[in-house]
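A.B. asks: Take this structure first; my questions come after.
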Amino acid sequence: MSNKATLEINGEKHEFPLVVGTENEVGIDIKTFRAATNGVVTLDPGFKNTGSCESGITFLNGEQGILRYRGYAIEELADKADFLEVAFLLIFGELPTKDQLEKFHSDIKGQSIVDDDVKKIIDAFPKTAHPMGVLSSLTSALTAFNPSSVNVDSEEDMYNSVVRILGKFPVLVAWTMRKKQGLPLDYGDNSLGYVENVLQMMFKKPNQDYVQNPIIIDALDKLLILHADHEQNCSTSTVRIVGSSHAGLFASLSAGISALWGPLHGGANQAVIEMLEAIKEDGGDTHKYMAKAKDKTDPFRLMGFGHRVYKNFDPRARIIKKSADDVLADLGIEDPILEIAKGLEAEALSDDYFVKRKLYPNVDFYSGIIYRAMGIPIEMFTVMFALGRLPGWIAQWREMRLNKEPIGRPRQIYTGETLRDFKSINNR
Ligand code: SDX
């Protein structure tokens, strides 16, 4: 294969080098494009055909439904690793040794106290505030309590920032949930594992011990792993572009949380359950909702279906679907909306509209069913997505800064008014 692309514009030929990745993906390197073509730019709303960076963190193949973190298949990691191991792998590039993992967890525990003044901020929110808005604000506020910016050229400084946010973020997640429930904002127990501690911080009532359930611990650990990274999705691209201005790590993560909140992105896990509940209330009439999803005059979409990259089954959805069956069975829960979800899936997978557009269930289609079985309130579902995605955002932010990538600043094609003279108000 040639190592360059040739483009002809107005009879003039231009050559641009090809970049080939380790999985043989090919990109046209257009770093010199505008200068070489005397001002011509490319145009690609939503960046459907545009690579923003070269990255060594996550590989996915949408056509084949492949997802790997640092070369390890998501199926293996979900089955054999725990969330902290995967967080270490994503951020530092290798699976940790036993000693490295113990030190990582110990250092995270050492950072799991949040300044008590943060409670004054959270107290200012009404109980009706959506947890994603609260979490984004609290994450940004962490900058005020940890003002020193990260020196990315210092491995120690970078490491300390990583364990600082991995220690404090779960506390913010728990406080965000407990605030809405009118429960005291306290801390977990450093004698517990990472996921156990998250569960205890979220669910422990002040007047009773919290009894851990190994089924729930395993299910949450798996869900966090499955959500941990997903290359250049909307929220990760947001974290990278905000960080490219050399804004701090916490500010960049706060922006990523806001991007994830949208119902087309991480907010879909909440929207899926709301949709399934509506279908159940409507007598389980899935055909009506399938028709709405295909009706171009109807803004309704089948939430949890379709994906910008996966044109095959989202490998995470396969794992989560099986986990949903197992968790509900193990907990002895019969959730009618699981059956509605399966019915919708079966219908969509044999419907020409969905088949032609290669619309399959994505990570959000079944995850909410498990969160619900765990007793997590629906408005907290996307917060749980953020908790899982945190190490991926950190890894991508770190890579972007270590690669000294330029500030992100896309171009545009202007289609507005051409030059015109000012008119005084009496002449308008
Ligand atoms: C996540 O990018 C990532 O990696 C994200 C994520 C991650 O881990 O970070 O995987 C997490 O965000 C998963 C996606 C969660 N969102 C949803 O479930 C919301 C419902 N899905 C859609 O809104 C949509 O599928 C998107 C947003 C996910 C993808 O949209 P695209 O790539 O911009 O595709 P599109 O909107 O151009 O759709 C192509 C066609 C259109 O029809 P035509 O114009 O060709 O006739 O498919 C249709 C769309 O109308 N379509 C749907 C549909 N999704 C796409 N029709 C009905 N229901 C849907 N869900």
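A.B. asks: Considering only residues that are small (Gly, Ala, Ser), out of contact with any Gly (no Cβ under 7 Å at 6 or more places or on another chain) and closer than 19 Å to Gln396 by Cβ, which ones fall in the stretch 125-153?
C.D. replies: Across the stretch 125-153, the qualifying residues are Ser136, Ser140.
A.B. asks: Quick one: in the stretch 327-350, which of the residues that are out of contact with any strand residue (DSSP E or B) (no Cβ under 9 Å at 6 or more places or on another chain), within 26 Å of His230 (Cβ to Cβ) and touching a residue at least 60 places away in the same chain (Cβ under 8 Å) is surrounded by the most Cβ atoms within 10 Å (Cβ to Cβ)?
C.D. replies: Going through the qualifying residues, I end up with Val327.
A.B. asks: Only one of these is touching a strand residue (DSSP E or B) at 6+ places or on another chain (Cβ under 7 Å) and either under 20 Å from Gln396 (Cα atoms) or surrounded by 15 or more Cβ atoms within 10 Å (Cβ to Cβ) (or both): Leu101, Leu95, Leu84, Leu60. Name it.
C.D. replies: Just one listed residue meets the conditions, Leu60.
A.B. asks: Counting only residues that are hydroxyl-bearing (Ser, Thr, Tyr) and closer than 14 Å to Glu339 by Cα, how many does the stretch 349-366 have?
C.D. replies: Of the residues in the stretch 349-366, the ones hydroxyl-bearing (Ser, Thr, Tyr) are 350, 353, 360, 366.
Next cut, closer than 14 Å to Glu339 by Cα only: 366.
Total satisfying the criteria: 1.
A.B. asks: In addition: Here are Ala251, Ala259: which of them is of a type in the set (Gly, Ala, Ser), away from the ligand (no atom under 11 Å from the Cβ) and over 24 Å from Glu339 (Cβ atoms)?
C.D. replies: On the way: Ala259 fails: away from the ligand (no atom under 11 Å from the Cβ).
Selected residue: Ala251, the only one of Ala251, Ala259 that is of a type in the set (Gly, Ala, Ser), away from the ligand (no atom under 11 Å from the Cβ) and over 24 Å from Glu339 (Cβ atoms).
A.B. asks: Identify, by number, the condition in (1) under 30 Å from Asp157 (Cα atoms); (2) touching a residue at least 60 places away in the same chain (Cβ under 8 Å) that Phe365 doesn't meet.
C.D. replies: (1)
A.B. asks: Let me confirm something: among Met380, Met384, which residue is under 25 Å from Phe203 (Cβ atoms), away from the ligand (no atom under 16 Å from the Cβ) and buried (at least 16 other Cβ atoms within 10 Å of the Cβ)?
C.D. replies: Step by step, each of Met380, Met384 is checked, and only Met380 is under 25 Å from Phe203 (Cβ atoms), away from the ligand (no atom under 16 Å from the Cβ) and buried (at least 16 other Cβ atoms within 10 Å of the Cβ).
A.B. asks: Further, regarding this structure: When you scan the stretch 171-178, do you find a residue that is aromatic (Phe, Trp, Tyr), touching a Lys or Arg at 6+ places or on another chain (Cβ under 9 Å) and outside any helix (DSSP H, G or I), even just one?
C.D. replies: No, that holds for no residue.
A.B. asks: Checking Ser244 against (1) more than 12 Å from the ligand (Cβ to nearest atom); (2) within 22 Å of Pro410 (Cα to Cα); (3) buried (at least 21 other Cβ atoms within 10 Å of the Cβ); (4) not charged (D, E, K, R): exactly one of these is not met. Which one?
C.D. replies: So Ser244 meets the others, but not (3).
A.B. asks: Against the condition more than 26 Å from Glu102 (Cα to Cα) and in contact with a Pro (Cβ under 6 Å, 6 or more places away or on another chain), how does Pro147 come out, does it pass?
C.D. replies: Against the criterion (more than 26 Å from Glu102 (Cα to Cα) and in contact with a Pro (Cβ under 6 Å, 6 or more places away or on another chain)), Pro147 does not qualify.
A.B. asks: Could you count how many residues in the stretch 293-336 are more than 9 Å from the ligand (Cβ to nearest atom) and not aromatic (Phe, Trp, Tyr)?
C.D. replies: 27
A.B. asks: Can you say whether Pro184 is without any contact (Cβ under 8 Å) to a residue 12 or more places away in the chain and more than 16 Å from the ligand (Cβ to nearest atom), as far as the supplied structure shows?
C.D. replies: It is false that Pro184 is without any contact (Cβ under 8 Å) to a residue 12 or more places away in the chain and more than 16 Å from the ligand (Cβ to nearest atom).
A.B. asks: Test Glu196 against the criterion of being more than 15 Å from the ligand (Cβ to nearest atom), in contact (Cβ under 8 Å) with a residue 40 or more places away in the chain, surrounded by fewer than 21 Cβ atoms within 10 Å (Cβ to Cβ) and part of a helix (DSSP H, G or I), and give yes or no.
C.D. replies: Against the criterion (more than 15 Å from the ligand (Cβ to nearest atom), in contact (Cβ under 8 Å) with a residue 40 or more places away in the chain, surrounded by fewer than 21 Cβ atoms within 10 Å (Cβ to Cβ) and part of a helix (DSSP H, G or I)), Glu196 does not qualify.
A.B. asks: Moving on to the next point. What helices (runs of 4 or more DSSP H), lying completely within the stretch 87-147, carry at least 1 residues that are touching a Lys or Arg at 6+ places or on another chain (Cβ under 8 Å) and touching a residue at least 40 places away in the same chain (Cβ under 8 Å)?
C.D. replies: Fully inside the stretch 87-147 and qualifying: 118-123, 131-145.
A.B. asks: Here is a check on your reading of the model: is Leu331 among the aliphatic types (A, V, I, L, M) and closer than 21 Å to Gln232 by Cβ?
C.D. replies: no
A.B. asks: Can you tell which of Asp157, Asp115, Asp153 is out of contact with any helix residue (DSSP H, G or I) (no Cβ under 9 Å at 6 or more places or on another chain) and more than 19 Å from Ala255 (Cβ to Cβ)?
C.D. replies: Being out of contact with any helix residue (DSSP H, G or I) (no Cβ under 9 Å at 6 or more places or on another chain) and more than 19 Å from Ala255 (Cβ to Cβ) holds for just one of Asp157, Asp115, Asp153, which is Asp157.
Only the coordinates and a few stated rules stand behind these numbers; no lab work does. Only a predicted model underlies this, so the values are computations on that prediction, with no experimental measurement involved. Note that we place each Cβ from the backbone using ideal geometry, even for glycine, and neighbour counts take in every protein chain shown.
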